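Each reported figure results from applying straightforward, stated rules to the coordinates on display, with no laboratory input. Please read these numbers as outputs of a predicted model, since none were measured by experiment. Positions of Cβ are backbone-derived with ideal geometry, glycine not excepted, and every protein chain shown enters the neighbour counts.
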Amino acid sequence: MSAQSGKDMLLKLDQTGSGSFLTVAGLRTRSLSLNAAAVDVTDAESAGRWRELLDGGGIRRAGISGRGIFKDQTSDAQIRALFFAGTIRDWQLVLPDFGVIAGKFQITSLEFAADHAGEVTFDIALESAGELSFAAA
């Protein structure tokens, strides 16, 4: 597999809950973090007193973050409205040559910054709010 272009990693928002996805414009960086909590089932009879973990146990979660500039009024307005309402909505993260991770997420952080001689930027963080699906590319 050859190197992939970062601009091809896309964050998409289901605008109305009807399955109509809109690419969040202006994002310059995007990242995905997948986590699974381990469940320790070690007891006095564990071999050599080594820790044992429960197979398939624990809570799984995903976090998505991004940083960019506002340049698309439709996606910007949607993001602000979802944040202030605390709405959980379907999102997709398209990873080039890998696949699409999709599911319900809630915006947990929305930050704005500006430099006197530069543009207004924003940072967004989303946390999974249900089961996620993966479709290979």
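Data table
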read-out	value
Counted charge near residue 132, where neighbours are those whose Cβ lies closer than 12 Å (Asp, Glu -1; Lys, Arg +1)	0
Cut-off 10 Å between beta-carbons: net charge of the residues surrounding residue 107, Lys and Arg +1, Asp and Glu -1	+1
Rounded FRET efficiency, nearest 0.05, which uses the C-beta distance separating residue 36 from residue 71 and R0 of 35 Å	0.45
Set of lysines with alpha-carbon distance to residue 71 below 17 Å, sequence-local pairs under 8 removed	7, 12
For the chain, size of Cβ-based charge dipole, Lys and Arg +1, Asp and Glu -1, in debye	280 debye
Virtual spin-label span in nm between residue 123 and residue 59, 7 Å along Cα→Cβ	2.3 nm
Label-point separation in nm, residue 131 to residue 18, each point 7 Å along Cα→Cβ	2.7 nm
Most positive-pole-ward Cα, 19, 35, 57, against dipole of the stretch 14-59 from beta carbon charges	19
Neighbour net charge for residue 94 - beta-carbon separation under 15 angstrom, K R +1, D E -1	-1
